[in-house]
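What follows is a single structure, written as structure tokens, with notes after it.
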């Protein structure tokens, strides 16, 4: 008999709900605007758990929720950039009031890591580093075959690691953190800086002005083989590699999965990140090569991973 | 019945051999000059395993060896700064030829981490970060209650993490790695720089010249409550904290144990590191406090931990 699990990803603008079989097959999918505030969050998730089961025509055995931010091991949302109104909010315990099923609330990058490990680009790899490049940087780890959450649930906040202690000040208040350079926001800032300096004429022409430059203008120029855009990507990839190499020294993964929105750039990004990681890692003579591969689960990875983490609650 | 285990630490100048009970009690201890070259390494260890058992009057059930460097999960020394002649050297397999006992070869910081977890300042802590400040920086991790080695055995090479990508070039060839600033060598370099600038008169007077300044001159000035030495220590502690905070974001430990030779400075160092970690870590409002504590196992920690890792082979 097939078991089913519900997986949710509460994102910055939308909630994605999935019903997933124990083989990882998505049998039902639904999107809603993301909730605002504590009560609406609980109400939306409670309603969706009922509705997606009815719509899919199956009963689920457990529920998993992925959400950006610092999620405690007991499933409390300590802080989430996506729903800033949730502070020290015991989401899992409150859901237990309406969802009479085993329920887990986890960080979205942790969930996405598990999806890639169970179903995607990290299958069969016991020591896996997942790096999601989006608005910021999210990371997750499978260590010795298990998802690693840390003592309090906050492991993998690697976007904050300082790589340039005398660098500029990030919106977080810290000088020179990795995600200031190596996220989608970092790529946008770098592109605007280059455009102002006259180094990205094709991108500038497509966007109209430096301030209007977005990721898609850079992606478009890359697709058109604009050499300036490729030079920009190379510098950006070296920024990605600085933090990635730091994480390699700490964790010694066997594989690195590159995920998040910037993965839409695809192979050009992956290849340059691999180049810089290989070039800058010390001890290349004795160190087995660590492949950097593109994530395979796409934008559903966090919801899918949340469903797979729910599966682990009951199996 | 008490079981016994042999633990070795092959250091930069000496090999320390211990016979340890399964409760962690040291029943015999011996020091030899460290071996040179592959054959001498194997010969010395084989002889010592026999001799320390005879001298202690007990038979050991397993043998553990700690050595600085990149040690593969199969116990090969890929590279060791202490015995540079050992490259891709299958030490564990070669020892099996003469030591007819379960044998493990591990990184010395990994072994010291396990000693602190089993017997010292990290007892009862499932997610532990150990940071040894010596000539360089060594780190080790207990994660979810288990020692973590990484996919290849190279986890915890955290001294290499880049914290100042536009900083000076380290002897490793990398710009701005943590251990260039936050190791004993880093403290010495900082002290000499301050001395030349006239900022450490008491230390300078004790050492005779800036070039002659060693750690003990700084320690001596700290013990005499020299305000300049305390100002130096504060800057150094902030350097330690940058990398330590990076590791906290990645691993989310419940406790941090500060080990290595610089621990001789003691509480003044611990207190300033704790200060800077607390001050600079983001999310202090929701994050449980992470205590930084001094290691308790002293200079025998790697040999003791190697014996305890050997114990785990047979229990």
(1) closer than 17 Å to residue A:69 by Cα; (2) not assigned by TED's automatic domain parsing to the domain that holds residue A:248: which one isn't true of residue A:157, the others all being true?
-> (2)
What about residue B:153, is it closer than 30 Å to residue B:88 by Cβ, in contact with a strand residue (DSSP E or B) (Cβ under 7 Å, 6 or more places away or on another chain) and assigned to a loop (DSSP other than H, G, I, E, B)?
-> yes
Note on segment A:154-171: residues in contact with a helix residue (DSSP H, G or I) (Cβ under 9 Å, 6 or more places away or on another chain) and under 18 Å from residue B:164 (Cα atoms) are A:158, A:159, A:160, A:161, A:162, A:163, A:164, A:165, A:167, A:168, A:169, A:170
Is it true that some residue in segment B:30-44 is surrounded by 18 or more Cβ atoms within 10 Å (Cβ to Cβ) and closer than 15 Å to residue B:152 by Cα?
-> no
Out of all the residues in segment B:169-183, which are away from chain A (no Cβ under 12 Å) and surrounded by fewer than 20 Cβ atoms within 10 Å (Cβ to Cβ)?
-> B:169
Got a sec? Which of A:139, A:110 is outside the structural domain of residue A:253 (by TED's automatic domain parsing) and surrounded by 20 or more Cβ atoms within 10 Å (Cβ to Cβ)?
-> A:110
Hey, among B:201, B:177, which residue is assigned by TED's automatic domain parsing to the domain that holds residue B:267 and within 21 Å of residue A:163 (Cα to Cα)?
-> B:177
Say whether the condition of being free of Cβ contacts under 8 Å to residues at least 12 places away in the same chain and either in contact with a helix residue (DSSP H, G or I) (Cβ under 8 Å, 6 or more places away or on another chain) or not in a strand (DSSP E or B) (or both) is met by at least one residue in segment B:127-147.
-> no
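The values are calculated or read from the model by the stated rules, or taken from the named source; none is laboratory data. Every value quoted in this text rests on a predicted model; they were computed, and no experiment measured them. Note: ideal-geometry Cβ built from the backbone for every residue, glycine included; neighbour counts use all protein chains shown.
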